[in-house]
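Colleague: One structure, as structure tokens, below. Some questions next.
The values are calculated or read from the model by the stated rules, or taken from the named source; none is laboratory data. Since we're looking at a predicted model, the values are computed, not measured. Positions of Cβ are generated from backbone atoms using ideal geometry, with glycine treated the same way; all protein chains shown enter the neighbour counts.
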């Protein structure tokens, strides 16, 4: 690693101030960032650790019925504390990485980084959640802008994610065998007014909504309705772990399995 | 350099570290606790698992300054003061759950965290819990068996030796 | 009743205590006062002309002690190769120079170009980034068949093309083999790839060099499976340090699996630099560095053919293999596809005529050398896949076809130059069928199908050759080393023993199992025997641990030395007992005069040896310490039969190993617990090769699987419990313990069973695919199912 100073603010306001420094970079759980720093792929002058900000931690039910999760909440906490209200999300959180990673990694870090193979972006997009930052709220549909790209401005921090709680939901994941990240994973969220389907791991453009499947499932919520649907293999990632065609195929399989899981 | 102070295996430990100093480097190089190992640089292998405030973490993926004020437990603090192995350590020896020993500290620390949260895990739960701990020697058979035995469950159905 | 100590007991491992408490002493745990750290600047291109390396800016940076480049090593020897293969025309192989640091050209991604020694590891890395390297990139050769085409870019400009050797075995048989194929009733042909692997012991390599200016003594601490071999190779061939001035220590080593046999540039560098910098110099590999600097394994491309007569008897076998050497010849690389592979092609079968051709090829990749099994997995995989394919083509049961062609009489001289001393392939197959509940498979398949899964069953047999020997034979075959083993047994005055063995334990538990043997021979408690290994200053010249040789060869040396101890102790005892030597017997730790109650305890005899007051000084010397060097008469030939049952998800292509059975014949067994653990670990590596692991380069020579993010290491949730049996025992006839090797069997015997099971599952789903290459990833299965 290149050397850097570490700031450990206790409040969001202090964190924002610290991030105003040239070449400052926020770090939440560090489970992606620290390996990146080890590979010397980033060179911050100041690393602003968000792990000491209590106001960014916790899972609570908002007045509007949404499940509000602080950006600094670890995957392990989400897995435990969201289980009653939003089991689909808790199930996703419980299968990110491994236990030690889940004890450090946070939802805010995952959403801010927007790795094309990360798990959380699928839940955020499939529920139409709102990404809350230190100075605004961003709708999920506007937030994700391609691989590692988001609507966040320089120095902006994800302080909270507000999830509308679906009637039912399920996250189905096929892992890449080395990294254990999703090769393809699909989050299906069934709401009273429709169905949303988000896919991670598969696309060259990062997490995306599969609107054709959403429309079909909105009509009849069973896996047969999406059987004939396909995504374009040309848009899918092709690498040593699977071709675009294979990933496109898995998008269908994972979607159908998620629907079947919801229908029991 | 920043001063850090933490409790490690029940004793106060302090030192001066750079911002980039990892917790595992502080433990190994500053405190001489070389039982915690480094087997990769992508936060995958788990040879470096320690407990920070009672939770399993990868000491290679946490900065030392972030452990300032924390309560840290490492493999060196697991046996009793007289050297008696704890239940998990003893089960690893009894069931040949280690060969070269390099991944072992992380395995033992992960197993301890598992059994704290889930005292009677199923075999499948043990295997999934070890997703972040790679062993190249044992094929995991005897590690899983040792953890099941340490949980006090019947391991008669698991193939012998 | 199982024994509770000595030979045959599952004694708990004494080394576990230090490993379980964080008290192990691995090389990276060693820090010498005043040490500096080296960072290697490694090539990021696969092939190029090295025009210049400018270190001026880097040398001025904080903490930099000294920067080295290839020119600093011009007067230093080449990293040697320990085995010279002679090709089918009688010509010796092409052997390129292998510099410590690249000079003139770079030949693979990861090759060290420069080395920065600095006060801290981070300063060394900072300065390495400031080195200006000017490389003119050249076209890389990655694919072996492309590499040997006319006009292909040359990895080594001073060699004739990229062919290291073209080996034919047994060349004189070729005509007869071809003739047998002409007459065959049926010929089965198979083309396959044995995937390139990375050994990945969990401890990355580390080397610490130290030099004492006042005495001229060098010390190298290194993660090695064979410290004496490193001392000889590095001292004699690279740095010119006489062995009495060079100590090599391999302390606790965190797994080896072959890749820590070899002498690497980094070891030579830290030893050289310790003197040049007048400071100890330490190198700790990162995992990322390990992927591009540890020798890789396997990487064969093979076409194999089997000829059968009308009664399904195997009449001839021929095989053509391209074996990747990488850019340079690693220590034992040339022996792997030849003498460790060709000699095993008979397998468990009495095929009368066999011809093996191997073309070893240089490519712009990391050197390839022995990895657990080394040549034998490649032989077993192609043969056992081929036999399965033949069975399906002929419509006969694969187990029946194997049984029909088994070697049943021993000793058996194969047509590929080795003689199996013992074995009972029918017994292990019988045991396997019993363990695997073959009769219950149909019901299990139905259960899987009810869940929408396909179920497959696959078997294979294997034979391996362990403890490669004898030295005079391997010398004729091209080995540049002896393959004996040594042991010194030192008895202390109060009766305790220290055994200094040339074998090296890096997970195998020798400290426990070797002590069991000696304790049993004398009849004393295991705790009275201490095993010392891994230090050239403490142990007589030994050859180390690889090729499943330790107990068969190292253990035999220990037995021979202990026999000498007992013989001398008996002389002392007979003097003390005033009895004839022939009447004195050793039992349960005491010498007794046969037929009397006169006895003297072991401790009294050993005390007399060192306090020789009442002692036959005119006949024998005082003291009780003996050394033996044991050079085996032959290999040992463990064998077995393995079965795998898989479930296959036809929608995703995901394959899960549900059950795995191993029936092995390892001859006599010293510690069943440890033997079973060795098989477990081998199985995991074999299943890993079959389903997950793949070292991949792109066409430009960039390593794509360069970390655990892309190289799939098997995890606990990827693997089943294994059912392992070693009750079939045909003891080795030529070593004193009657033991065979067990360390590699699991890795050798498992890949074909897995692949055979996958193909069986696919057939049950209506897809008759004749072959699928490893790793049988979900993607590949899905493609095959939809082809």
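For (1) buried (at least 24 other Cβ atoms within 10 Å of the Cβ); (2) touching a helix residue (DSSP H, G or I) at 6+ places or on another chain (Cβ under 8 Å), each residue gets a yes or a no:
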| position | (1), (2) |
| --- | --- |
| B:96 | yes, yes |
| B:99 | yes, yes |
| B:103 | yes, no |
| B:123 | no, yes |
| B:154 | no, no |
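Colleague: Considering only the stretch C:597-615, how many residues are over 21 Å from residue C:496 (Cα atoms) and either at pLDDT below 95 or assigned to a strand (DSSP E or B) (or both)?
Modeller: The total comes to 1.
Colleague: For the stretch B:39-62, which residues satisfy the criterion of being in a loop (DSSP other than H, G, I, E, B) and either surrounded by 24 or more Cβ atoms within 10 Å (Cβ to Cβ) or in contact (Cβ under 8 Å) with a residue 24 or more places away in the chain (or both)?
Modeller: Matches in the stretch B:39-62: B:39, B:40, B:43, B:44, B:45, B:46, B:47, B:48, B:54, B:62.
Colleague: What are the residues in the stretch C:746-779 that are out of contact with any helix residue (DSSP H, G or I) (no Cβ under 6 Å at 6 or more places or on another chain), within 22 Å of residue C:642 (Cβ to Cβ), part of a helix (DSSP H, G or I) and within 14 Å of another protein chain (Cβ to nearest Cβ), if any?
Modeller: The answer is C:749, and nothing else.
Colleague: Could I ask something else about it? Do we have any residue at all in the stretch B:127-137 that's farther than 22 Å from residue C:723 by Cα, away from chain A (no Cβ under 12 Å) and in a helix (DSSP H, G or I)?
Modeller: No, there is no match, as no residue in the stretch B:127-137 is farther than 22 Å from residue C:723 by Cα, away from chain A (no Cβ under 12 Å) and in a helix (DSSP H, G or I).
Colleague: So residue B:145 ticks every box in (1) in a helix (DSSP H, G or I); (2) facing another protein chain (nearest Cβ under 7 Å) but one. Which box is left unticked?
Modeller: With respect to (1) in a helix (DSSP H, G or I); (2) facing another protein chain (nearest Cβ under 7 Å), residue B:145 is out only on (2).
This table checks each residue for (1) at pLDDT 95 or above; (2) over 30 Å from residue C:349 (Cβ atoms); (3) within 22 Å of the chain's Cα centre (by Cα).
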| position | (1), (2), (3) |
| --- | --- |
| C:273 | yes, yes, no |
| C:276 | yes, yes, no |
| C:280 | yes, yes, no |
| C:297 | yes, no, yes |
| C:309 | yes, no, no |
| C:312 | yes, no, no |
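Colleague: Tell me yes or no: at least one residue of the stretch C:558-567 is within 30 Å of residue C:25 (Cα to Cα), buried (at least 24 other Cβ atoms within 10 Å of the Cβ) and within 20 Å of the chain's Cα centre (by Cα).
Modeller: no
Colleague: Looking at residue C:34, is it part of a loop (DSSP other than H, G, I, E, B) and surrounded by 16 or more Cβ atoms within 10 Å (Cβ to Cβ)?
Modeller: No: the conditions fail for residue C:34.
Colleague: Residue A:177 - would you say it is in contact with a strand residue (DSSP E or B) (Cβ under 6 Å, 6 or more places away or on another chain) and not assigned by TED's automatic domain parsing to the domain that holds residue A:143?
Modeller: No, not satisfied.
Colleague: May I ask you to verify whether residue C:257 is farther than 13 Å from residue B:100 by Cβ, touching a residue at least 40 places away in the same chain (Cβ under 8 Å) and under 14 Å from the mean Cα position of the chain (by Cα)?
Modeller: Answer is no for this residue.
Colleague: Okay, moving on. Taking the stretch B:84-115 as the search range and keeping residues that are in contact with a strand residue (DSSP E or B) (Cβ under 9 Å, 6 or more places away or on another chain) and more than 11 Å from chain C (Cβ to nearest Cβ), which one is farthest from residue B:36 (Cα to Cα)?
Modeller: The extreme case among them is B:114.
Colleague: Answer yes or no: is there a residue in the stretch C:58-68 that is under 29 Å from the mean Cα position of the chain (by Cα), surrounded by fewer than 20 Cβ atoms within 10 Å (Cβ to Cβ) and assigned to a loop (DSSP other than H, G, I, E, B).
Modeller: The answer is no, given that none of the residues of the stretch C:58-68 is under 29 Å from the mean Cα position of the chain (by Cα), surrounded by fewer than 20 Cβ atoms within 10 Å (Cβ to Cβ) and assigned to a loop (DSSP other than H, G, I, E, B).
Colleague: Within the set of pairs 6 or more residues apart or between chains, which connect a residue that is away from chain B (no Cβ under 13 Å) and at positive phi inside the stretch C:666-691 to a residue that is surrounded by 24 or more Cβ atoms within 10 Å (Cβ to Cβ) and not in a loop (DSSP other than H, G, I, E, B) with Cβ atoms less than 8 Å apart?
Modeller: These pairs meet every condition: C:667/C:636; C:667/C:739.
Colleague: Oh, and also: Within the bounds of the stretch C:618-626, is there any residue that is at pLDDT below 95, in the same structural domain as residue C:550 (by TED's automatic domain parsing) and in contact with a strand residue (DSSP E or B) (Cβ under 7 Å, 6 or more places away or on another chain)?
Modeller: No.
Colleague: Still on this structure: For the stretch C:702-719, how many residues meet the condition of being more than 7 Å from chain B (Cβ to nearest Cβ), buried (at least 20 other Cβ atoms within 10 Å of the Cβ), assigned to a loop (DSSP other than H, G, I, E, B) and in contact with a strand residue (DSSP E or B) (Cβ under 8 Å, 6 or more places away or on another chain)?
Modeller: So the answer is 2.
Colleague: Return the residue satisfying two criteria in turn: it lies in the stretch B:63-83 and is in a loop (DSSP other than H, G, I, E, B) and more than 9 Å from every other protein chain (Cβ to nearest Cβ), and of such residues it is surrounded by the most Cβ atoms within 10 Å (Cβ to Cβ). Break it down into steps so the answer makes sense when it comes.
Modeller: Within the stretch B:63-83, the subset in a loop (DSSP other than H, G, I, E, B) is B:68-70, B:74, B:78-83.
Restricting the remaining residues to those that are more than 9 Å from every other protein chain (Cβ to nearest Cβ) gives B:69-70, B:80-82.
Numbers: B:69: 11, B:70: 19, B:80: 8, B:81: 7, B:82: 5.
Across the stretch B:63-83, the extreme among qualifying residues is B:70.
Colleague: Identify all residues within the stretch A:76-109 that are in a helix (DSSP H, G or I), within 14 Å of chain B (Cβ to nearest Cβ) and in contact (Cβ under 8 Å) with a residue 40 or more places away in the chain; write none if there are none.
Modeller: If the condition is that a residue be in a helix (DSSP H, G or I), within 14 Å of chain B (Cβ to nearest Cβ) and in contact (Cβ under 8 Å) with a residue 40 or more places away in the chain, then A:91, A:101, A:109 are the ones that fit.
Colleague: Among the listed residues A:41, A:47, A:37, which satisfies the condition of being within 13 Å of chain B (Cβ to nearest Cβ), loosely packed, with under 15 Cβ neighbours inside 10 Å and over 21 Å from the mean Cα position of the chain (by Cα)?
Modeller: After ruling out the rest, the residue left standing is A:41.
Colleague: Could we say that residue C:444 is buried (at least 17 other Cβ atoms within 10 Å of the Cβ) and at pLDDT 95 or above here?
Modeller: In short, no.
Colleague: Hey, any hits in the stretch C:158-169 for a residue that's closer than 28 Å to residue C:82 by Cβ, surrounded by fewer than 22 Cβ atoms within 10 Å (Cβ to Cβ), in contact (Cβ under 8 Å) with a residue 24 or more places away in the chain and touching a helix residue (DSSP H, G or I) at 6+ places or on another chain (Cβ under 7 Å)?
Modeller: Yes, the stretch C:158-169 has at least one match.
Colleague: How many residues does the stretch A:1-29 hold that are out of contact with any strand residue (DSSP E or B) (no Cβ under 9 Å at 6 or more places or on another chain), in contact (Cβ under 8 Å) with a residue 40 or more places away in the chain and within 13 Å of chain B (Cβ to nearest Cβ)?
Modeller: The total comes to 2.
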